[in-house]
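Comments concern the structure below.
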Amino acid sequence: MAKPVDKLHLLVFIILSIIVSAPHSNQLQLFQYQTLVRIQQLLNYPSVSSSFNTTTVTDFCNIEPTPSLTLVCYEDNLTQLHIAGDNNNNINGGLAHNFSTDTFFSTLGSLSSLKVLSLVSLGLWGPLPGSIAHSSSLEILNLSSNYLSGSIPVQISSLRNLQTLILDDNKFTGAVPSELSLLQVLSVLSLKNNSLSGFLPVSLTGLQSLRVVSLSANHLSGEIPDLRNLKNLRVFDVQDNYFGPRFPRLHKKMVTLVLRNNRFQFGLNPDELRSYNQLQKLDISLNRFVGPFIPSLLSLPSITYLDIHGNKLTGLLLQNMSCNPQLAFVDLSSNLLTGYLPSCLQVEAKTRLVLYSKNCLSNEEQEQHPSNFCQNEALAVKVLPHKQKNKSSYASSVVGGTVGGIAVVGAVLLVVKKVYNKNNNKVETTSTRFILENVSTINTVKLLSDARYISETMKMGASLPAYRTFTLDELKEATDCFDSSSFMCDASHGQIYKGKLTDGTLVAIRSLKMSKKSSPHMYTYHIELISKLRHSNLVSALGHCLDFSLDDPSISIIYLIFEYAPNETLRSFISGPGYKLTWVQRIAAAIAIVKGVQFLHTGIVPGVFSNNLKITDVLLDENFHVKINSYNLPLLAEARGKGSAEVSSPAKKTSVLARTEQDDKSDVYDIGIILIEIIVGRPITSENVVVLVKDLLQVNIGTDEARKSIVDPAVMNECSDESLKRMMELCLRCLSNEPKDRPSVEDTLWNLQFATQIQGLKENNQEAL
């Protein structure tokens, strides 16, 4: 058995010598003195002469505090007891051979006025007994750096005044007691460096006073409960556990967030992280995060420490990125970053330590991989077997174009620019209740060139769920393990499934089979950049599912998760058998389409053109909100174009990677075809029909009576002559054979808004009568 700790024994010996030699004081009651003597005996410190005279007991309350012993009294009662041993204490080192934790803590319980109890590095061993609850007045309990084992007793929850609980560096096992939620004034919970296991109890979300939670170096796992309602939480440290896969949801006033060495994979929400204005330390290193790195982390207003190393984060770093001047430590190493180290990080080592090795950056000062390493390592996904089912017409409409959003971004997006301001003036009438679109006379071209409005673009997609990385388990749960009942249809390059997430959200899941001969570089960009394409008038991707294989970096399948839009196309509400849109609703739908196209052209850089728009790709949800379900997807363009019965622009051969006037105006041509159906109210299914109806419009545009003769009878009596004329003129211009004669997207939008305003004046005049 190890020898008693000399330093601590000497200290207690001196104290007890004072006890037997000093005069009695009334400031410390006799039973408290006897309790301290009993504690001394249980800790096996030097014995005291049995003949000592209690009348010579010293005044403990005035003993000078030391690093090893501190006693604090209030009105003759002991309120604080701090005993600190040597950090090198071995188990049983200074304890009596018959030491009992139950007896020891029962003895402490007799000190009913004790508010602070700190017993650090004393070699305490064995289970922490339920008798700890006898110390009912405790506000601070610190039992760190001992050998306490077994489960944390639920009786601790009886200490209703407890504000700080520190059980660090022990050997506790079992789960974190859910009963801790009864400690409603608990401010500090520190259980680090034990062997705790299981999940973090959801009941902890009710501890509104929590400021510090430290659970590092345990065996805890699973999802972290939603802690956003803990408005006082400032420090959250769970490093060296098995938490994941979702990034924890926390209040925006966090100061320190340490997630190092867990199993987090997704959930890095850029909008949420940008709101962490008080965050000083962020450590998400040694996890499994994939997808784009968020550059704005470097410029958070309070950030001083940022560590993301050891993940699979991708992205293009630019030299002109901004950083917080107070940022003292940055570790970007061992990811899949490309580009150049931002200039703001290239400062003297005396003021900032920056690590960025083992990426693919164009910098030779720290070891980098060749550029193709990051491309080849970025993606590799398992092949998941599935059960097939008959085709569903619903699915082909929902996702056939939805996937279009993926490669659009993959081929063309490097930086998302924010360009379009929400229109300010609304035309609101009873007839437009289903489709309410903003109408404005603002000069759109000027608006797009005005830098003040750039930041508004992404607000158009603010109502969309945040893009994230899904786990394969989530997709299995959403589709009942990809059961045949979830299978919707086969499509080019994969199958489509309908799924339901745990929060009830319906999604469409498409599995893309990727050839091993295909370029991983292209697919990396497809996944990385799609997350940035967000607009309320586009069917958007909600996320993707990836996995990594060190043995085979080639891609097998990428699962793409999209909004689940209803199979109600704009055509079905214009020429279908059921409800038909009013005239103003039709113009409002056209405005929504053009806004979506405008975002594709100018809301992202470089823009996305030649989108092969069709009226059957324009979907309306249950609230009649308009979303474009198909835009340019280079990977699937060839397969998607085969066998199409719809009309395409005569100029669709140019590449989306090379922006030309012809590319720009091909989308305007498609808008013109949609406007034809809106006006005449019957399907346009071939280029020959387009030519015939175009000629019909030209012949009949001259007089009010002629115009009324060709408009859809369902809206003939409600549309004003001027509004109809404006729409017909715009349609003819869009269908011009010469691309240079077609209006721009901005001009198209302005004319549609003007047609709505003209119609609104007519309706207002009728109401006035």
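The values are calculated or read from the model by the stated rules, or taken from the named source; none is laboratory data. Computed from a predicted model, the values in this text were never measured in an experiment. Quick reminder, even Gly has a Cβ in these numbers, built from the backbone with ideal geometry, and neighbours come from all protein chains shown.
Listed here are the residues, each with its yes/no results for (1) touching a strand residue (DSSP E or B) at 6+ places or on another chain (Cβ under 6 Å); (2) in contact (Cβ under 8 Å) with a residue 24 or more places away in the chain; (3) of a type in the set (S, T, N, Q).
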residue	(1), (2), (3)
ALA133	no, yes, no
GLU139	no, yes, no
LEU159	no, yes, no
THR164	yes, yes, yes
SER178	no, yes, yes
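Tell me, yes or no, whether segment 685-694 has at least one residue that is within 20 Å of LYS580 (Cα to Cα) and either assigned to a helix (DSSP H, G or I) or in contact (Cβ under 8 Å) with a residue 40 or more places away in the chain (or both).
The answer is yes, given that some residue of segment 685-694 is within 20 Å of LYS580 (Cα to Cα) and either assigned to a helix (DSSP H, G or I) or in contact (Cβ under 8 Å) with a residue 40 or more places away in the chain (or both).
Please count how many residues of segment 155-187 are hydroxyl-bearing (Ser, Thr, Tyr) and farther than 18 Å from GLN208 by Cβ.
Of the residues in that region, 2 qualify.
All but one of (1) in contact (Cβ under 8 Å) with a residue 12 or more places away in the chain; (2) part of a helix (DSSP H, G or I) hold for CYS719, so report the exception by its number.
Condition not satisfied by CYS719: (2).
Only residues that are more than 19 Å from VAL680 (Cβ to Cβ) and touching a helix residue (DSSP H, G or I) at 6+ places or on another chain (Cβ under 7 Å): list them for segment 559-590, please.
The answer is TYR559, LEU560, PHE562, TYR564, ALA565, ASN567.
Restrict the check to segment 549-559 and report whether at least one residue is within 30 Å of PRO295 (Cα to Cα) and at pLDDT 85 or above.
no
Give LEU165, LEU143, LEU119, LEU138 a once-over and let me know the one that is under 17 Å from SER190 (Cβ atoms), touching a helix residue (DSSP H, G or I) at 6+ places or on another chain (Cβ under 8 Å) and among the hydrophobic types (A, V, I, L, M, F, W, C).
On the way: LEU143 fails: touching a helix residue (DSSP H, G or I) at 6+ places or on another chain (Cβ under 8 Å); LEU119 fails: touching a helix residue (DSSP H, G or I) at 6+ places or on another chain (Cβ under 8 Å); LEU138 fails: touching a helix residue (DSSP H, G or I) at 6+ places or on another chain (Cβ under 8 Å).
Going through LEU165, LEU143, LEU119, LEU138 in turn, just one is under 17 Å from SER190 (Cβ atoms), touching a helix residue (DSSP H, G or I) at 6+ places or on another chain (Cβ under 8 Å) and among the hydrophobic types (A, V, I, L, M, F, W, C): LEU165.
Can you tell me which of (1) assigned to a strand (DSSP E or B); (2) at pLDDT below 85; (3) among the aliphatic types (A, V, I, L, M) is the one LEU600 doesn't meet?
(1)
Out of (1) modelled with pLDDT of 70 or more; (2) in a loop (DSSP other than H, G, I, E, B), the odd one out for SER51 is which?
Against the list (1) modelled with pLDDT of 70 or more; (2) in a loop (DSSP other than H, G, I, E, B), SER51 comes up short only on (1).
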